[in-house]
Amino acid sequence: MEIRSGSEITISNTTNRIGIFGGTFNPPHVGHLIVAQYALELLNLERLYIVPSYRPPHRSNDIAPFELRFEWCVKTFELKNVIVSDYEKTRGDISYSLYTVRYFAEQHSCTPYFIVGEDALSYIESWHRYEELLNSCHFVVYPRYCGKPYHERAKEKLGELFEKIVFLQAPLIEISASQLRERVKQGKSIRGMVVSQIEESVVNYYGKV
């Protein structure tokens, strides 16, 4: 399911237990899909919003157009109770997570679960108003590395706020969007790394940039 600009978010028949999984999704891959499934189950979410970034604050190069990444997400996240939202495009400007969290919190009158990759711990203090963000949501981190390399750093930078982090017990999937883009540029296969519905489109796009 998708939500486009101008569409109303209906909150009837919900318990207001929602999650937000944001990112560039450049492109979305099976690792993202697995995280979404585990988040739904382990966090007992009634609804999970996939929110592709419109203008990511930390990344600027080699990003596919928003509409293409949105389409890929719609075709990738075909899970029950998952909605792909273009809120960050509708809002415009730089896609700061704080404003996205506040928007969905207001829509659902709840404190949402905000899901990010473990790499976020390596630069969390550079996020826009990161203390407010951590106090506005359940900040959920899914694993990306063996050995938890950024945990001590995050403890030092965040202090007591570190205790607010929820660590998702999902499988460690060592695949990244940057690796996929590089494989395409090298003429290597990405079969099985993205869902079959978007494989050709992903190869066609990154094979030309």
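The values are calculated or read from the model by the stated rules, or taken from the named source; none is laboratory data. Values in this document were obtained by computation on a predicted structure and should not be read as measured data. Quick reminder, even Gly has a Cβ in these numbers, built from the backbone with ideal geometry, and neighbours come from all protein chains shown. Surface areas here come from the heavy atoms of the whole protein model, side chains and all, with no ligands, DNA or RNA. Shrake-Rupley method; radii C 1.70, N 1.55, O 1.52, S 1.80 Å.
Observations on the structure shown:
- Backbone HN-Hα couplings from phi across the range 192-209 [Karplus 6.51/-1.76/1.60, Hz, Gly and Pro as x]: x, 9, 10, 5, 4, 5, 10, 4, 5, 5, 4, 5, 5, 6, 6, x, 10, 8
- Spatially proximal aspartates and glutamates relative to Lys188 (Cα-Cα < 19 Å; intrachain offsets below 8 disregarded): Asp62, Glu174, Glu199, Glu200
- Solvent exposure of Glu41, expressed as accessible area, is near 110 Å², computed with a probe of 1.4 Å over the protein chains only.
- Across the alpha-carbon atoms of the range 16-127, the computed radius of gyration and Dmax are 13.2, 36 angstrom.
- Distances between placed amide hydrogens fall under 5 Å for Phe167 paired with Val141, all partners being 5 or more residues away or on another chain.
- When the chain is described by a simple charge dipole with +1 on each Lys and Arg Cβ and -1 on each Asp and Glu Cβ, the residue from Gly31, Gln186, Tyr49 located farthest towards its positive end is Gln186.
- Size of charge dipole - the chain - debye, nearest 20, with Cβ of Lys, Arg +1 and Asp, Glu -1, no other charges: 420
- Electrostatic tally near Ile173: other residues with Cβ closer than 15 Å to its Cβ, Lys and Arg +1, Asp and Glu -1, net -2.
- For Glu78 and Asn204, the difference between the fully extended length at 0.36 nm per residue and the C-alpha to C-alpha distance is 43.2 nm.
- Paramagnetic label reach from Gln169 (point 7 Å along Cα→Cβ; backbone nitrogen cut-off under 15 Å): within the range 34-61, residues 38-44.
- Ranked from largest to smallest solvent-accessible area, with a 1.4 Å probe on the protein heavy atoms, Lys148, Lys208 come out as Lys208, Lys148.
- Sequence-distant residues sharing a close amide H with Phe114 (under 5 Å, placed H): Ile20, His138, Phe139, Val140
- For the range 107-198, the equivalent ellipsoid derived from the alpha-carbon gyration tensor has semi-axes of 29, 17, 12 Å in decreasing order.
- Radius 13 Å from Cβ of Glu199, net charge of other residues (Lys, Arg +1; Asp, Glu -1): +3
- Distance from the alpha carbon centroid of the range 128-186 to that of the range 33-66 works out to 13 angstrom.
- Accessible surface computed residue by residue for the chain, with neighbouring protein chains in place and a 1.4 Å probe, gives 50 Å² per residue.
- Tensor-based shape of the range 44-103 (alpha-carbon gyration tensor, a/c under 1.5 rounded, otherwise prolate or oblate): oblate
- Qualifying lysines (Cα of each under 28 Å from Cα of Lys185; at least 8 residues distant if same chain): Lys75, Lys89, Lys208
- Debye equation applied to the C-alpha atoms of the chain, log10 I(q)/I(0) at 0.14 Å⁻¹: -0.84
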